[in-house]
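Novice: Provided herewith is a single structure, encoded as C-alpha cells, for subsequent inquiry.
Any read-out appearing in this document is the output of simple, stated calculations on the displayed coordinates, not a laboratory observation. This structure is a prediction, so every number in the text was calculated from the model and none was measured. Here the Cβ positions follow ideal geometry from the backbone for every residue, glycine too, while neighbour counts run over all protein chains shown.
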Ligand SMILES: Nc1ncnc2c1ncn2[C@@H]1O[C@H](COP(=O)(O)OP(=O)(O)OP(=O)(O)O)[C@@H](O)[C@H]1O
Ligand SMILES: [Mg+2]
C-alpha cells in the first residue's frame, strides 16, 4: 500500500499512531502534575524499562501534560560522559529567564539566577559567569557538593515558580547514565521540594539497571518516587497498537496475520511499529494476510539486524562480544553469571570487570542478584541468528 500513507512510526522517541496500554502511567502523571501545581503532595516518577519499550515517548507525553497543567518544563537526556550539572545549566537558565518575564516572579527569578551563577562557578561551568549578568549570592548553591547545591538551586527555582503561579518539571531520559551521586542529588533535591511544598517535580526514564542508591537518597526515593515498569504490551494492547492505526486508514488485518506479528514481536512497542510499518508497505490490498506478514518479517529482521541490533552490537569489544555470545548460546535469559562463566571456561570473578563494562554500556543488566539479561529485547535471537563477530572492535 502507499508508503506515503503508512501510519506506523518506528524510531527512537517517535510518537506512535496509537499509544497503547499506557493509560495508567499517563493518568497517574497527570494527577500528580495537577496536584503539584496546587501545592499538594505529588509523587515524581522514574520509568524503568528495556530498550524500545516506549520510555522516551512517555516522557514526551508527560512533558506535554505538564505544560498543559501550567508547568514550565526542561527535558534533558543524561549523556554518557557529561556532568549533570553542566547539562542542566542552560535549561535552568532558560526556565529562569521565562519566569523573570512575570512581574510577580521577577525578584525571585533574579535571586535564583544569582544562585545559578554560584552553581556555575562551583561546578566550573564555562561561560556561566559571563552569561548570567548577575552577581552570585555567596553561600547559595556554591559549595561544590552537588547534593546541597542542587537542592538550593531547585528551591530557588521553586520559589520563583511559585510567585509566577507556575511549576517546574524536570524530565531526565537515559537516567541510567547518571553517576550514583548525581541521581542521589536529584532525589535529595526532590525531597527538599516536598519539605518546602514547592511545585517542582522530576520524571525520569531509563534502563532497569539504575544507579545504586544508598543512605538518605534511598529512603527518600522509596517515599517520593514511584517506579512504573514499562514493559512489553499485553496482547490486547499490542493488538490495538496495530489494529487502530490500520483501521483509521480503512485497512484490516486477518486474525492469523495479526497473531504472527504478536508472536514475533512479543508485544515490544518498537518491534510492533517495525512490523506494522513493513506489513503496510509490502501489502497490495486490505486485509493484510499471512503471506504479507511473512514477507514483512523478512524486511523487519533485515532492518533490525542492520540497525537497531547492529548499532548496539558494534559498541562492544571483542571480549565483550564473546561474553554476550556465551549468554545467547545458553538460550533465553535471564542467565546465571556462573553459567556464563562456565560456558566461557573462565573464572566468574575474573569476568567481573568485563560484565561491569557491558552493563555500563547499557547492553545487559542484572534483573536479580547473580543474574544478567539483555536490555535489548530479542537480542539473544539476533546473536544466534547472525552469529556475528565481525564489526566489533578488538
Ligand atoms: N505504547 C505504545 N504503543 C505503540 N507503540 C509504541 C508505544 N510506546 C512506544 N512505541 C513505539 O516504540 C518505539 C520506541 O519508543 P521509545 O523510543 O520511546 O522507546 P524507549 O523505551 O525510549 O527506547 P530506548 O531505551 O532505546 O531509548 C517507537 O517507535 C514508538 O513509536
Ligand atoms: Mg528512549
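Novice: Residue 384 versus residue 75, label points 7 Å from Cα toward the beta carbon: distance in nm?
Specialist: 3.7
Novice: Right, another one. Out of all DSSP beta bridges in the chain, what portion is antiparallel? Express it as a percent rounded to 5.
Specialist: About 15 percent, rounded to the nearest 5.
Novice: Could I ask something else about it? With a 10 Å Cβ neighbour count serving as the proxy for reagent exposure, in which order, fewest first, do 119, 270 appear?
Specialist: Least crowded to most crowded, the residues run 270, 119.
Novice: Can you sort 234, 61, 77 from fewest to most other Cβ atoms within 10 Å of each residue's own Cβ?
Specialist: By the 10 Å Cβ count, ascending, the order reads 234, 77, 61.
Novice: Just want to confirm a number: the relative contact order over the chain, from Cα pairs under 8 angstrom separated by 6+ residues, in percent.
Specialist: This gives 19 percent for the chain.
Novice: Something else now. When the label point is put 7 Å from the Cα of residue 285 along its Cα-to-beta-carbon vector, which residues of the range 253-271 have a backbone N closer than 16 Å?
Specialist: Output list for this probe position: 253-254.
Novice: Looking at the square roots a ≥ b ≥ c of the eigenvalues of the Cα gyration tensor of the chain, which shape do they give, rounded for a/c under 1.5, prolate if a/b is larger than b/c, or oblate?
Specialist: oblate
Novice: Sequence gap at least 6, Cα distance under 8 Å: using those rules, report the relative contact order of the range 180-275 to the nearest whole percent.
Specialist: 26 percent.
Novice: Mind telling me which of 100, 126, 143 comes out most flexible in a GNM of the chain, alpha-carbon contacts under 10 Å?
Specialist: In this elastic network of the chain, the residue with the biggest mean-square fluctuation among 100, 126, 143 is 126.
Novice: Please give the contour-minus-distance gain from residue 102 to residue 330: 0.36 nm per residue of separation, less the Cα-Cα distance, rounded to one decimal in nm.
Specialist: 76.0 nm
Novice: Could you work out how far helix 235-248 tilts from the main Cα principal axis of the chain, as a 0 to 90 degree angle to the nearest 10?
Specialist: 90
Novice: How much length is gained on full extension from residue 216 to residue 295, taking 0.36 nm per residue of separation minus their Cα-Cα distance?
Specialist: The span from residue 216 to residue 295 would gain 23.0 nm if fully extended.
Novice: How much length is gained on full extension from residue 366 to residue 121, taking 0.36 nm per residue of separation minus their Cα-Cα distance?
Specialist: 84.4 nm
Novice: Treat the count of other C-beta atoms within 10 Å as a stand-in for reagent exposure and order 191, 299 from fewest to most.
Specialist: By the 10 Å Cβ count, ascending: 299, 191.
Novice: Add -39500 (n - 2.57) for each DSSP H run of 4 or more in the chain, then divide by its residues: what number comes out at 222 nm, to the nearest 500 deg cm²/dmol?
Specialist: -17000 deg cm²/dmol
Novice: With angles folded into 0 to 90 degrees, how steeply does helix 146-163 sit against the dominant principal axis of the chain? Use alpha carbons for both and round to 10.
Specialist: Tilt relative to the chain: about 80 degrees.
Novice: Under a crude label model (7 Å from the Cα following the beta-carbon direction), how far is residue 244 from residue 302 in nanometres?
Specialist: According to this spin-label approximation, the distance is 3.2 nm.
Novice: What does a probe at residue 226 reach in the range 8-37, counting residues whose amide N is under 17 Å from the point 7 Å along Cα→Cβ?
Specialist: 21-37
Novice: While we're here: What FRET efficiency comes out for residue 165 versus residue 266 if R0 is 41 angstrom and r is the Cβ-Cβ distance? Round to the nearest 0.05.
Specialist: 0.35
Novice: Under a GNM of the chain (C-alpha, springs under 10 Å), which listed residue has the highest mean-square fluctuation: 317, 140, 101?
Specialist: Of 317, 140, 101, the Gaussian network model singles out 101 as fluctuating most.
Novice: Can I ask one more? Measure nothing fancy, just the Cα-based angle from helix 106-122's long axis to the longest principal axis of the chain, in degrees from 0 to 90, nearest 10.
Specialist: Around 70 degrees separate the two axes.
Novice: At what distance in nm do the modelled label points of residue 2 and residue 83 sit from each other, each positioned 7 Å from its Cα along Cα→Cβ?
Specialist: Modelled inter-label distance: 5.5 nm.
Novice: Then there's this: Mind checking which of 21, 345, 289 has the largest fluctuation in a GNM of the chain, springs on alpha carbons under 10 Å?
Specialist: 345
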